[in-house]
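*Asks:* Take a look at the following structure, please.
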Amino acid sequence: MNEGAHPDRMAMMANQLDQLRSLLAELIPANVFYTRKLQSHGATFDVASLEDYSARFPFTTKPELVEDQRRNPPFGTNLTYPLNRYTRFHQTSGTSGTPLRWLDTPESWDGMVEDWMNVFRAAGVAAGDRVYFAFSFGPFIGFWMAYESAARLGCLCLPGGGMSSAARLRAIMENGATVLCCTPTYAIRLGEVAAEEKLDLGAARVRRIIVAGEPGGSVLATRARIESLWAGARVFDHHGMTEVGPVTFECPAQPGVLHVMESGYYAEIIDPATCRPIPPGETGELVLTTLGRTGSPLLRYRTGDLVRRGTGNGTRGTPCACGSRELALDGGILGRVDDMLIVRGVNVYPSAVEEIVRSCEGVAEYQVRITEAMALTEMRVEIEPTVDCRDATQLAARVTKAFETALALRVPVSAVTPGALPRYEMKAKRWVRGA
């Protein structure tokens, strides 16, 4: 245990250890994937402490899960119970490789729904709110879980699948929606369409916008852009993954800070290169153990998400301003381990680019083009001005200057005609390789 930690945090860590021991007892030998994996690494299943667990148990990676499902189609061997115990099927988006299929038992599903309710509660959503879900309901877990969680909380749930952006906006206004759920990119797109359709979002009743799927929700400039388009509605970020479930909620008192729901997860932050723990204030890769998802668990899963461990999350002394003592991630999800670029010796993260571009008023959309020349990585940015921008050339110059100021890096920036860049309902694909 972490000696010197606050008694409340010590109690939470003791509960995590109890859950971990119960999880391991359930997995071995029922779960073929982890029984084989742990035996091959010589890991004994008794765990003396969380530190002991981190020191002795191997990481789990997405490639080995993908390979397991390839060899054992369609669902792989990471299943603790017979198939007739499972009632939920979901699938990852495949944006970072081959999609994963994931199954859940009713017990695991109920636990994750409870976690998603915490996301809503942290955002001030309560019974009586009208929640609009502005996305098509595909196989990705977040849609279904958010919808069911809102219903269990006592909210009126308004589905927006299979509709145009203009139709969704009218449904939001006509049905008096008070909460909007979507990606940060799509919240901006809806604001643009409202202007095109001459719909006054100031007349809408939306007071909360809950976003996920991209780093933008914790990027202050992107939040400000969304909130200005939606007449001051407060943006709340959170994040999760199909294979782990809902992981964080946004701190109500500190915009841009995410708290890990440590009642359901044991979280570690490591240096991606050395795999060693990193100190507070530094950036590393988030590693998660799903303590309550017994039917399809993950032990020390390398998520690939880059995060920065907060220095003031209340592990010692006073709690966070919101009252939580759970792990704080400053700036939310900063990007992906495999998304970070080194351009002329400068580490460039997608969230930093998002912050720089969105802080320049007049940019409607942007795209980053990455090229490789003689083993050197270069990037250039295309920006699409808003319709009311009077001087696109001057705007491009301002964005270029912003890159120089923030990163000490000269990035070529050019303006394209309005409507030239693609728009997205789900995760935006703004980073493109090649000329």
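*Asks:* Can you pull out every residue in segment 192-216 that is out of contact with any Leu (no Cβ under 9 Å at 6 or more places or on another chain), closer than 22 Å to D129 by Cβ and either in a helix (DSSP H, G or I) or small (G, A, S) (or both)?
*Replies:* Residues satisfying the conditions are G202, A203, A212, G213.
*Asks:* Separate question: Check segment 247-265 and report whether any residue there is in contact with a Phe, Trp or Tyr (Cβ under 9 Å, 6 or more places away or on another chain), among the charged types (D, E, K, R) and not assigned by TED's automatic domain parsing to the domain that holds Y53.
*Replies:* yes
*Asks:* Next question, about the same structure. Considering only residues of segment 377-396 that are in contact with a helix residue (DSSP H, G or I) (Cβ under 8 Å, 6 or more places away or on another chain) and not in a loop (DSSP other than H, G, I, E, B), which is surrounded by the most Cβ atoms within 10 Å (Cβ to Cβ)?
*Replies:* The extreme case among them is I383.
*Asks:* In segment 355-367, what residues are touching a Leu at 6+ places or on another chain (Cβ under 9 Å) and either of a type in the set (S, T, N, Q) or under 17 Å from K401 (Cβ atoms) (or both)?
*Replies:* Residues satisfying the conditions are E355, I356, R358, S359, C360, E361, G362, V363, Y366, Q367.
*Asks:* Still on this model: Considering only segment 62-96, state which residues are under 22 Å from R36 (Cα atoms), touching a Lys or Arg at 6+ places or on another chain (Cβ under 8 Å) and in contact (Cβ under 8 Å) with a residue 60 or more places away in the chain.
*Replies:* Within segment 62-96, K62 is the sole residue that qualifies.
*Asks:* Right, next: How many of the residues making up segment 326-346 are part of a loop (DSSP other than H, G, I, E, B) and either over 21 Å from T222 (Cα atoms) or more than 20 Å from the chain's Cα centre (by Cα) (or both)? So that I can check it myself, show each step before the final result.
*Replies:* At the first step, the residues of segment 326-346 found to be part of a loop (DSSP other than H, G, I, E, B) are 326-327, 331-334, 340, 344-345.
Now restrict to residues that are either over 21 Å from T222 (Cα atoms) or more than 20 Å from the chain's Cα centre (by Cα) (or both): 326-327, 344-345.
Total satisfying the criteria: 4.
*Asks:* Could you pull out the residue among V357, V399 that is of a type in the set (V, I, T), more than 20 Å from Y424 (Cβ to Cβ), buried (at least 18 other Cβ atoms within 10 Å of the Cβ) and modelled with pLDDT of 85 or more?
*Replies:* V399
*Asks:* Sticking with this structure for a sec: Anything in segment 33-54 that is assigned to a helix (DSSP H, G or I) and either basic (K, R) or surrounded by 12 or more Cβ atoms within 10 Å (Cβ to Cβ) (or both)? List them, or say none.
*Replies:* Answer for segment 33-54, where residues must be assigned to a helix (DSSP H, G or I) and either basic (K, R) or surrounded by 12 or more Cβ atoms within 10 Å (Cβ to Cβ) (or both): F33, Y34, T35, R36, K37, L38, Q39, L50, E51, D52, Y53, S54.
*Asks:* For segment 214-235, enumerate the residues that are surrounded by fewer than 24 Cβ atoms within 10 Å (Cβ to Cβ) and over 24 Å from K198 (Cα atoms).
*Replies:* Passing the criteria: L220, A221.
*Asks:* A further question follows. Quick test of your reading of the structure: V235 fulfils all but one of (1) in contact (Cβ under 8 Å) with a residue 40 or more places away in the chain; (2) assigned to a loop (DSSP other than H, G, I, E, B). Name the failing condition by number.
*Replies:* Among (1) in contact (Cβ under 8 Å) with a residue 40 or more places away in the chain; (2) assigned to a loop (DSSP other than H, G, I, E, B), V235 violates only (2).
*Asks:* Answer with yes or no whether G97 is touching an Asp or Glu at 6+ places or on another chain (Cβ under 6 Å) and either on the phi > 0 side of the Ramachandran plot or modelled with pLDDT under 95 (or both).
*Replies:* no
*Asks:* When you check T311 against the structure, is it in the same structural domain as F33 (by TED's automatic domain parsing), closer than 21 Å to L20 by Cβ and touching a residue at least 24 places away in the same chain (Cβ under 8 Å), yes or no?
*Replies:* When the stated conditions are applied, T311 does not pass them.
*Asks:* Which residue out of E372, E382 is under 28 Å from G345 (Cβ atoms) and more than 26 Å from the chain's Cα centre (by Cα)?
*Replies:* Every option except E372 fails the conditions.
*Asks:* Oh, and also: In segment 360-372, is there at least one residue being assigned to a loop (DSSP other than H, G, I, E, B) and either surrounded by 20 or more Cβ atoms within 10 Å (Cβ to Cβ) or in contact (Cβ under 8 Å) with a residue 24 or more places away in the chain (or both)?
*Replies:* First, the residues of segment 360-372 that are assigned to a loop (DSSP other than H, G, I, E, B): 360-362.
Subset that is either surrounded by 20 or more Cβ atoms within 10 Å (Cβ to Cβ) or in contact (Cβ under 8 Å) with a residue 24 or more places away in the chain (or both): 360, 362.
Yes, segment 360-372 has at least one match.
*Asks:* Select from segment 14-32 the residues that are crowded, with 17+ Cβ neighbours inside 10 Å and in contact (Cβ under 8 Å) with a residue 24 or more places away in the chain and write down the one among them that is farthest from G323 (Cα to Cα).
*Replies:* Looking at residues that are crowded, with 17+ Cβ neighbours inside 10 Å and in contact (Cβ under 8 Å) with a residue 24 or more places away in the chain, I get N31.
*Asks:* If the requirement is being among the hydroxyl-bearing types (S, T, Y) and under 30 Å from C181 (Cα atoms), which of these qualifies: T400, T386, T393? Give the steps one after another, and end with the answer.
*Replies:* Values: T400 fails: under 30 Å from C181 (Cα atoms); T393 fails: under 30 Å from C181 (Cα atoms).
Going through T400, T386, T393 in turn, the sole match is T386.
*Asks:* If A126 passes every condition in (1) surrounded by fewer than 20 Cβ atoms within 10 Å (Cβ to Cβ); (2) in contact (Cβ under 8 Å) with a residue 40 or more places away in the chain but one, which one does it miss?
*Replies:* A126 satisfies all of (1) surrounded by fewer than 20 Cβ atoms within 10 Å (Cβ to Cβ); (2) in contact (Cβ under 8 Å) with a residue 40 or more places away in the chain except (2).
*Asks:* Look through R223, R189 and report the one residue that is among the basic types (K, R), part of a helix (DSSP H, G or I) and under 30 Å from R302 (Cα atoms).
*Replies:* From the options R223, R189, the qualifying one is R223.
*Asks:* Consider only pairs whose beta carbons are under 6 Å apart and that are at least six residues apart or on different chains; among these, list those whose first residue lies in segment 418-435 and is in a strand (DSSP E or B) and whose second residue is at pLDDT 75 or above.
*Replies:* Close Cβ pairs (under 6 Å, with a partner that is at pLDDT 75 or above) amount to W431/V368; V432/R369; R433/I370.
*Asks:* Here's another thing I want to ask about it. Mind checking which residues of segment 285-325 are more than 30 Å from T105 (Cβ to Cβ) and either β-branched (V, I, T) or modelled with pLDDT of 95 or more (or both)?
*Replies:* Across segment 285-325, the qualifying residues are T311, T315, T318.
*Asks:* Still on this model: Out of curiosity, is V357 β-branched (V, I, T) and closer than 30 Å to V416 by Cβ?
*Replies:* yes
*Asks:* So for segment 194-210 (the condition being under 20 Å from S351 (Cβ atoms), of a type outside the set (D, E, K, R) and either assigned by TED's automatic domain parsing to the domain that holds R308 or crowded, with 17+ Cβ neighbours inside 10 Å (or both)), does at least one residue qualify?
*Replies:* The answer is yes; a qualifying residue exists.
The values are calculated or read from the model by the stated rules, or taken from the named source; none is laboratory data. Bear in mind that the values here come from a model prediction, so they are computed numbers and not experimental data. Quick reminder, even Gly has a Cβ in these numbers, built from the backbone with ideal geometry, and neighbours come from all protein chains shown.
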